[in-house]
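> Following this message is one structure expressed as structure tokens.
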Amino acid sequence: MEKATSCRPRPELPLNRPRASRFLRFRITAAYVAFFSLLFAIFSFFVYEMLSRSLEARLHSTLQAQAATAANLFADEMNETGGNEATSIAEAISEMSLNGSSIAVERGERLIGGRLEPRGQWAMARKTVGKVEYTVIASASTAPIAASLAALRNVLVIGFPAIVLLAAAGGFLLSSRALAPVASMARQAAGISGSNLHRRLEIGDAAEELRTLAASFNELLGRLDQSFDVMRRFVSDASHELRTPLSVIQGEAGLALSRERSAADYKESLTVILDESRQLARLVDDLLNLARADAGKVRIEREDLYLNDLVSGCVKGYQTMAASRGMRLEFRDEGDAPYCGDETLLRRMIANLVDNAIRYTGEGESVTVSIEHGPESIAVRVADTGVGIPPEELGHIFERFYRLDKARSRDAGGFGLGLSIVKFIAEAHGGSVTVDSCVGKGSVFTVTLPAVGSRTPAREPSFADD
């Protein structure tokens with residue numbers, strides 16, 4: 001007895017995107033706060049240092065002025081009192097006491113009056129009275145400066161967290177607003193799948209950078225939508241083409257096994273099965289080649305050759321087929337056309353073009369193959385006088401499994417892969433293929449290959465010279 005198990009649906013990626021968006025906002029906010037905090041710390045240090053130096057410089061300047069004033073007062077009192085130092089010092093100190101500074105007087109290096117602040121700044125002024133030189137010193141405590149700086153430090157320390165919190169809130173709001181279009185794009189993108197690639201992102205009036213991003217993403221969606229359409233059509237057409245030969249093989253095998261038959265009947269059934277198997281193998285081979293081309297795994301084995309010999313050989317191989325259809329197939333050779341390319345792929349390209357021209361050209365008409373070579377390029381043209389291609393279908397003839405409506409049957413139109421392979425081979429050699437057609441007058445397919453890098457190979461006899 002099997003053990004019952006419960007399966008929980010795996011969360012889809014879009015469910016995690018808002019969380020990732022929040023993380024991005026947090027990272028932006030954190031970076032903003034860190035940068036703002038660094039700037040604020042530098043600014044606070046600069047303000048503190050500038051204020052400290054300014055207060056100290058102002059106090060020093062004041063003390064210098066007070067020392068000079070006190071020195072003048074002391075000299076005047078000495079003159080008035082006849083040289084009484086104690087009285088003159090007391091008068092000078094009394095006069096200067098209102099300024100909040102302490103005055104001291106020295107004679108030589110001896111303090112003869114007044115006092116000095118033990119911890120503070122000071123400034124001095126020298127004065128000569130009679131023949132004696134006195135030094136008047138004005139000093140003041142730095143406690144007021146320290147108190148002012150302490151108050152500033154308290155303001156900065158207390159205000160710093162508040163400012164950082166405000167910066168964090170503002171940064172989060174700004175980042176949320178800036179990333180709102182991105183979140184909207186993420187929600188819209190999460191709702192786009194293979195079934196609704198026609199939808200496009202809309203972000204309204206967002207920043208120019210985001211509009212450019214949305215436009216690029218919409219262009220990508222357009223390319224994906226087109227690729228999905230091609231893929232769906234390719235799968236549908238491939239299934240249809242594979243089903244037809246398989247149905248024929250299955251039907252023939254079933255019919256042969258339904259009852260006893262003669263050897264001739266079995267041989268006829270096996271012949272039908274063999275023919276259909278060959279067509280099926282050819283189709284699978286074409287699909288594999290195109291798949292390898294899409295994956296970039298086809299190697300171009302370049303070798304020196306004469307392109308006119310290669311084309312001549314391909315044309316000779318289709319002479320019987322053209323004769324059986326009552327049409328004329330000719331090759332116009334302009335002389336040696338040395339080229340360096342993959343001989344197998346080039347033969348396949350020319351054969352597909354000639355085969356396509358013969359299939360769409362009626363009895364009594366003609367198919368002409370020609371080569372025009374110049375110093376920079378070689379052009380291979382396959383012209384027919386067949387039914388032609390309607391203008392509205394010219395843009396689709398190189399698509400896989402695309403065939404004209406007039407020739408939808410496999411017997412007349414093949415699988416619809418021939419021109420796709422022609423386009424791939426031409427582009428793999430650095431060239432291109434174009435078509436010029438008129439309904440009722442025929443078509444001209446031109447393959448242009450670059451001649452740069454070609455070198456003349458040793459001339460050897462080939463089947464084209466037979």
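The values are calculated or read from the model by the stated rules, or taken from the named source; none is laboratory data. Keep in mind the model is a prediction, meaning the values are calculated, not measured. Here the Cβ is made from the backbone with ideal geometry for all residues, glycine too, and neighbour counts use every protein chain on show. Side chains included, ligands, DNA and RNA excluded: accessible areas come from the protein's heavy atoms. Shrake-Rupley method; radii C 1.70, N 1.55, O 1.52, S 1.80 Å.
> Taking the range 174-194 as the region of interest, how many residues are touching a helix residue (DSSP H, G or I) at 6+ places or on another chain (Cβ under 9 Å), over 27 Å from Thr29 (Cβ atoms) and either at pLDDT below 80 or surrounded by 15 or more Cβ atoms within 10 Å (Cβ to Cβ) (or both)?
The number of residues fulfilling the criteria is 2.
> Sticking with this structure for a sec: Do we find that Ala256 is within 30 Å of Val33 (Cβ to Cβ), of a type in the set (Gly, Ala, Ser) and either in contact (Cβ under 8 Å) with a residue 60 or more places away in the chain or assigned to a helix (DSSP H, G or I) (or both) in this structure?
Answer is no for this residue.
> Find all pairs meeting these conditions: Cβ atoms under 6 angstrom apart; at least six residues apart or on different chains; first residue within the range 143-159 and in contact (Cβ under 8 Å) with a residue 24 or more places away in the chain; second residue surrounded by 12 or more Cβ atoms within 10 Å (Cβ to Cβ) and part of a helix (DSSP H, G or I).
Hits for this filter: Ile145/Leu55; Leu149/Ser52; Leu156/Ser44.
> Using the structure shown, decide if Ser139 is closer than 29 Å to Ser52 by Cβ, open to solvent by 50 Å² or more (accessible area, probe 1.4 Å), touching a residue at least 60 places away in the same chain (Cβ under 8 Å) and not acidic (Asp, Glu).
Here the answer is no, as Ser139 does not meet what is asked.
> Let me ask something else. Taking the range 327-348 as the region of interest, how many residues are open to solvent by 30 Å² or more (accessible area, probe 1.4 Å) and closer than 17 Å to Ala383 by Cα?
Count: 6.
> Another question about this same structure. When the range 163-212 is examined, which residues are found to be assigned to a loop (DSSP other than H, G, I, E, B), under 22 Å from the mean Cα position of the chain (by Cα) and either closer than 30 Å to Ser44 by Cα or polar (S, T, N, Q) (or both)?
Listed by number, the list holds a single entry, Ser193.
> In the range 46-61, which residues are open to solvent by less than 60 Å² (accessible area, probe 1.4 Å) and of a type in the set (S, T, N, Q)?
Ser52, Ser54
> Among the residues in the range 213-229, are any of a type in the set (Phe, Trp, Tyr), more than 30 Å from Tyr32 (Cα to Cα) and more than 28 Å from the chain's Cα centre (by Cα)?
no
> What pairs come out if I take residues in the range 320-335 that are of a type in the set (A, V, I, L, M) and pair them with residues that are modelled with pLDDT under 90 and open to solvent by 100 Å² or more (accessible area, probe 1.4 Å) whose C-beta lies under 8 Å away, six or more apart or interchain?
Close Cβ pairs (under 8 Å, with a partner that is modelled with pLDDT under 90 and open to solvent by 100 Å² or more (accessible area, probe 1.4 Å)) amount to Met327/Glu363.
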